[in-house]
Structures are given as C-alpha cells and as structure tokens.
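What follows is a single structure, written as structure tokens, with notes after it.
The values are calculated or read from the model by the stated rules, or taken from the named source; none is laboratory data. Please read these numbers as outputs of a predicted model, since none were measured by experiment. Cβ sites come from the backbone with ideal geometry, for glycine too, and all protein chains shown count toward neighbours. Only protein heavy atoms, including side chains, enter the accessible area calculation; ligands, DNA and RNA are left aside. Shrake-Rupley method; radii C 1.70, N 1.55, O 1.52, S 1.80 Å.
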Amino acid sequence: MTVELDTPGTSAAPAATAAGEWSGFARSLPKRLSELGQQPILVVSWIIVLVVIGWAIAPDLFTSYSPYDGNTNASFVPPSAEHWFGTDRLGRDLFARSVYGARTTLTATLLAVLVAFGIGTVVGLVAGFAGGFVDTAIMRVVDVFLAIPSLLLAMVVVSVLGYSTHNIALAVGISSIASFARVMRAEVLAVVTQDYVKAAYGLGVGRLGVMVKHVVPNSLSSVIALAALEVGTAVLAVASLGFLGYGAPPPEPEWGLLVAEGRDYVAVHPWASIMPGVALAIVVIATHRISTSFRKDHRR
Amino acid sequence: MLRYVALKIGRALFVVWAAFTLTFVLLFVLPANPVDLLFDPAEINAIPPEVRERVAANYGFNKPVILQYLDRLGHALTGDFGNSVQSGRPVTAAILDMLPSTLVLASGALALALLIAFVIAFVATSTRREWVRNLVEALPSGAVSVPVFLSGILILQIFSFRLGWFPAFGDEGAKSVVLPLVTLAIPVSGPIAQLLVRSFATEFHSGYVTTSWAKGATRSGIIIGDVFRNASLPALTIASITFGNLIAGSVITETVFARKGIGRLTQTAIDTLDVPLVQGIVVFVAAIFALINLIVDLNYPLLDPRLRATLAVSTPRAA
C-alpha cells in the first residue's frame with residue numbers, strides 16, 4: 001500500500017489537541033452528512049459495512065438457518081429465494097455460513113489492525129522521538145520486516161504459533177507493524193520540528209509531557225488514516241490465510257475457508273465458492289471506498 | 001557517489017543477514033521443541049526417543065543456540081541451508097528447481113500488469129469524458145480489493161470450465177500458464193495503475209506540456225511523447241510493493257491452479273513444517289527483494305538527471 005505522508009503544514013494549528021479536532025468534527029457533522037448525500041457509492045459502502053458488522057454482532061437476526069446443521073437431502077442447491085447463496089455439500093445454507101463467518105473474520109481483522117496499530121505506533125514514536133542510535137537500530141529492523149512480503153511473513157508466524165483464527169490475526173498484525181512504524185516515525189519527525197513543540201519545551205514541559213501532550217495527538221492522524229486503509233487489506237490477508245487452511249478448523253464458518261471448501265466442487269457447483277467469495281470482495285471494496293474518503297477528508 | 005553506492009550495498013547485505021537471523025529465531029529458537037517440527041505432525045507420537053535424539057544431534061539441536069546459529073550462518077554463506085525435511089534434498093536445489101516455473105509466471109504477470117496499468121493511466125489522462133475517467137480510475141482499487149483466490153476461481157470457471165479455452169490445472173504447455181498469469185496480473189496492476197494515474201495527471205499539467213500544446217501537438221501525441229517518458233519513472237519507486245504482491249499472489253495463484261513453483265513450495269513447506277526449507281525460502285525472497293531495491297536505488301540517479309545532480313553536490317545523507 002502506498003501511503004502519502006502529509007506535510008507538517010497539515011498540523012499547523014498551534015497545539016491543536018485531539019479533543020479540539022473532535023469538537024470540530026462534531027460541528028461539521030451536518031455538513032458532512034449533506035456531502036455524503038452527494039456520494040451514493042460512499043453511502044452504499046457504509047450500508048454494506050454496517051450490515052456486515054450487524055452480521056458479526058447478531059447473526060441470528062439476519063438468517064434463520066444454522067451455520068452448522070444442514071439438510072443432506074438438499075445438498076448443492078443453487079442460489080434461490082430460500083437459500084440466497086445456495087447450499088454446500090452437507091446441505092448447509094451458505095448465506096447463513098457467510099453471516100456467521102463475519103464474526104470470525106471481522107474479529108480477526110480487528111485484532112490484526114489493533115496489533116499492527118498499537119505496536120507499530122509505539123515503535124515509530126520511540127524511533128522518531130528518541131532519534132540517534134535508537135532510531136537507526138529500530139528502523140533497520142523495520143527494513144527487514146518490510147523486506148519479507150507480508151503474506152509470507154504471516155505464514156511463517158502462523159506456522160510457529162499454530163493454526164487458529166487468533167493466530168492468523170496476530171500473524172497478519174505482526175506482518176503490518178513495520179508500515180505503521182514507518183508512517184508514525186515520519187509524522188513524529190515532522191511534528192517535533194514545529195514551533196509549538198519548541199514553545200512547550202521553552203515553557204518547561206518535560207520530554208515525556210511534550211511527547212504525550214503534543215507529539216502523540218498531532219502525529220496520530222496519518223496513522224489512523226493508514227489503519228482505516230489497513231482494515232480492507234487485513235480482511236483480505238485473514239481470508240487468504242483462511243483459504244490456505246491456516247485458520248479455524250473446517251466446521252467453523254470463516255470467509256476464506258468457505259471459498260476453499262467450495263473450491264473442490266467449482267467445476268460442477270461454482271456458486272459454492274463464488275457466492276461467499278463475491279460477498280467478501282464486496283465488503284473489501286466497500287471498506288476501501290470508505291477509507292479513501294477518510295484520507296481525502298484528512299488531507300483537506 | 002561512492003559512499004552512496006557503499007551505503008546501499010551495505011543495507012542490502014544487512015537485510016539478507018537480518019532475515020536469516022529473524023527466521024532462525026522464529027523457527028529454531030522460539031518453538032519449545034524444534035525437533036518436533038522436523039517430523040510430520042501426524043506421526044509425531046510414533047517416533048521412538050532414540051530416533052529423536054539422533055535427529056536432534058544430526059541437526060545440532062543439542063548444542064548451545066549460539067553455536068547452532070553460527071554453524072547455520074556459516075553454511076548459509078556458502079549457499080547451504082541444510083536439507084529439506086520432507087524430501088531430504090538440499091534446500092537450495094529444491095528452490096532452484098521451482099524457480100523457472102515461478103519466474104515465467106511472475107515475469108509474464110508483471111508485463112501484463114504494466115500493460116494494464118499504462119492503458120488505465122493513458123485512458124484516464126486522455127479522455128475528456130468525466131464518467132469514463134471516474135470509471136477507469138475506480139478499476140485499480142477494485143483490482144486490489146478482489147481476493148486473488150476469488151478472481152482465480154472466477155477466471156477458472158469462465159475460461160476453463162465454461163468456454164474450455166484453457167486447461168484448468170497443471171503446468172503442461174504454454175496454454176496452461178495463461179489463466180494463472182492473468183489472475184496474478186490483476187492485483188499486481190492495481191498499485192502501479194494508481195501511481196501512474198497520479199503521475200500522468202501531474203505531468204500533464206506541467207510547463208513542458210503547455211509548450212507542446214503551444215507548438216500544436218495533439219492530446220495523445222503529448223501523452224505518448226512527453227508525459228509517458230517522464231511519468232513512468234516513479235513506477236520504479238513501488239518496485240518493492242510490486243514484488244511483494246507478486247510473491248503473495250503466486251502463493252495463492254499456484255495453489256488455485258495447482259501449478260508447481262515457489263509459491264506452492266512455500267505452502268507445502270509451511271504445511272509440513274519443513275523448517276530448513278521455510279528458512280531457505282524466506283532468506284531467498286528477502287535477498288531478491290534487497291537486490292531489486294539495490295538495483296532501483298543505484299539506477300535511479302542514472303535515469304533521473306536531477307537526482308544525479310543532487311548526489312554530486314551534496315553528502316549522501318541527503319539522498
């Protein structure tokens with residue numbers, strides 16, 4: 001993912017604290033909503049994402065079928081009004097399995113982004129704020145993590161931790177720490193040269209105080225934009241590892257695994273893998289669209 | 001200039017060494033009992049203790065960690081990553097065997113991805129219709145959003161099972177590479193296209209283009225003659241992302257199409273916990289990554305005269 005680093009100019013407002021930014025956000029909310037009305041694709045994206053979050057929170061509200069029990073007399077029923085996504089080999093409703101699978105996949109995604117965001121931000125903050133030898137040492141390690149393609153790194157980590165959805169989440173998170181660290185460090189380096197930081201030092205605020213009160217709130221915005229973008233990437237990574245069979249064991253519904261299960265019958269019953277796969281792709285496209293709108297907002 | 005070159009080479013070597021060390025820690029030190037990883041998980045309980053000990057001694061697991069590390073590092077420097085646990089063959093030979101197949105797939109996919117990306121950038125820049133531009137500009141983010149395994153299955157379904165134009169699986173003949181190649185090209189083209197669309201737009205509004213307009217050049221003449229040359233260079237800066245996409249994509253693509261190659265080798269190595277092979281592959285991939293970055297870093301000043309000028313006058317720190 002390419003991430004453009006915003007120029008220090010964006011954080012020009014002296015000592016703009018996170019709280020100040022949020023009240024600004026609230027005040028412009030009606031304006032934002034009316035802007036939203038002019039972007040139908042963005043609205044649809046939000047609806048898709050909210051519905052899928054609903055799937056994850058209360059799957060039984062969206063489907064009356066069980067994700068585990070099937071009717072073996074009705075195996076491989078094509079998509080119909082009764083079974084929106086059709087049924088699989090065991091006659092299980094694939095829509096129900098997709099709905100329940102949202103919880104597995106989205107929880108893993110959230111965990112992955114939190115791991116990457118949490119650790120990456122701290123590492124980048126320390127590197128950028130400490131400078132000197134610490135900075136060089138940390139950034140060389142970050143280089144190494146960037147040199148190994150993230151899917152490969154995640155595969156290695158998951159093979160060491162053992163196969164499970166939680167470990168997939170950890171592995172995906174760990175493999176994205178480096179990009180968060182790099183963005184955070186660049187932001188911190190830009191913020192520490194600002195006048196308000198010098199002023200704070202001049203007023204006698206300690207290093208820790210400056211870091212917590214001024215550097216962190218003013219460096220976070222780019223990293224948050226990256227986190228939004230990372231959600232889509234993480235869903236894909238989690239599903240890819242699930243597809244390769246490193247996640248939840250088969251009876252569990254998980255989006256990548258659903259596609260993998262249907263793949264064996266793709267020649268005769270294509271919908272069994274295509275329907276869950278298309279649902280996954282639509283969710284990723286929607287998250288992508290939303291995170292791009294965040295980035296545009298942020299750049300303004 | 002010399003310092004710049006030395007610094008870049010030093011960094012590349014460091015990355016390869018660190019990738020070796022990282023995988024050593026992950027695969028040989030962290031697991032509670034690395035010997036267990038050397039056996040098939042299904043048969044692990046059936047293995048008598050004396051066999052375990054012999055294997056441990058054979059792999060040097062009874063020695064202190066630091067000695068194991070130095071021993072492995074020494075061998076790795078000569079290109080020896082030990083033997084694959086599953087096949088018993090040298091890791092290096094196993095990787096080199098699979099390399100040509102993946103190289104054909106990856107280079108073909110890269111060529112196609114570049115073509116797609118340039119067509120998208122060209123259409124987005126040259127069209128005067130707003131909706132065409134919006135549509136074309138939406139394609140790259142779609143390309144990175146669709147999971148590779150889904151596009152693979154869709155392509156397989158349409159062009160192999162429905163139309164019967166291409167074989168579905170295997171690696172016999174030139175025809176079998178077409179579908180995997182297209183599948184892999186899609187996600188690789190996305191980021192390149194996004195970058196090109198942006199840099200085409202920037203260059204299209206620069207001063208020398210205005211001059212060309214004034215001299216009576218046509219829209220497509222300007223794009224091909226002026227913009228194309230100047231806007232292509234930034235594509236090199238995302239070579240590392242492209243490489244990562246190619247590797248990750250080939251793991252999935254080779255699995256979906258049951259093709260042999262580095263991607264499939266990686267997947268089997270991970271599935272069977274073939275520790276030496278996994279380490280060999282990761283170090284190999286990191287080495288290629290470092291090499292690609294090195295080539296880009298060293299050639300960029302040659303390709304961009306502005307950068308050459310900065311390098312000549314300033315200290316390498318600025319580069």
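Tell me, what is the per residue accessible area of region B:93-142 in Å², probe radius 1.4 Å?
In whole numbers, region B:93-142 has 53 Å² accessible per residue.
I need to check one value: relative contact order of region B:169-258, counting alpha carbon pairs closer than 8 Å and at least 6 residues apart, in percent.
The value is 48 percent.
Quantify how much of the Cα-Cα distance distribution of the protein assembly as shown extends past 39 Å, in percent.
Everything past 39 Å amounts to 35 percent.
Relative contact order of region B:91-271: what whole-number percent is it, with Cα pairs under 8 angstrom and at least 6 residues apart?
33 percent
Less than 14 Å Cβ to Cβ from A:Thr87, Lys/Arg counted +1 and Asp/Glu -1: what total charge do the surrounding residues give?
Combined, the nearby Lys, Arg, Asp and Glu give -2.
Could you tell me what a quarter of the Cα convex hull surface of region A:103-299 works out to, in nm² with one decimal place?
Averaged projected hull area, Cα only: 12.5 nm².
Using DSSP H assignments, which helices in chain A have an axial alpha-carbon span of 18 Å or above and a mean Kyte-Doolittle hydropathy of 1.0 or higher?
Both cut-offs are met by A:40-57, A:94-130, A:132-147, A:165-191, A:216-243.
Calculate the length of the line joining the C-alpha centroid of region B:266-285 to that of region A:189-264, in whole Å.
If we compute the Cα centre of each part, the gap is 28 Å.
Could you pull out the longest piece of chain B with no exposed loop trypsin sites (Lys or Arg not before Pro) in it, calling a site exposed if DSSP puts it outside H, G, I, E, B and it has at most 16 other Cβ atoms within 10 Å?
Maximal segment without exposed cleavage sites: B:1-127.
Quote the total accessible area buried by chains B and A together, excluding ligands, DNA and RNA, probe 1.4 Å, nearest 100 Å².
In total, this chain pair buries about 3800 Å².
Chain A: longest stretch without exposed GluC sites (Glu not before Pro) (DSSP loop, at most 14 other Cβ within 10 Å), sites themselves excluded?
A:83-300
Could you tally the net charge around B:Ala18, taking each other residue with its Cβ under 15 Å from the Cβ of B:Ala18, Lys/Arg +1 and Asp/Glu -1?
For residues surrounding B:Ala18, the net value is +2.
Setting aside same-chain residues fewer than 8 positions from A:Lys31, which lysines have a Cα under 29 Å from its Cα?
A:Lys296
Under 8 Å for C-alpha pairs, at least 6 residues apart: give me the relative contact order for region A:69-162, rounded to a whole percent.
Reported relative contact order: 13 percent.
Within the protein assembly as shown, what whole-number % of the accessible surface is contributed by carbon and sulfur, with the 1.4 Å probe and all protein chains included in the calculation?
That fraction is 67 percent.
Please give the FRET efficiency for B:Ile47 paired with A:Leu90, using the beta carbon to beta carbon distance and R0 = 41 Å, rounded to the nearest 0.05.
0.70
Quick one: if the Förster radius is 56 Å, what FRET efficiency do A:Asn71 and B:Asp71 give, using the C-beta to C-beta distance and rounding to 0.05?
0.40
What residues of region B:240-274 lie in the reach of a label at B:Leu30, counting those whose backbone N is under 17 Å from a point 7 Å from the Cα along Cα→Cβ?
B:270-274
Add +1 for every Lys or Arg and -1 for every Asp or Glu among the other residues with Cβ under 15 Å from the Cβ of A:Phe243, and state the total.
Net charge in that neighbourhood comes out at -3.
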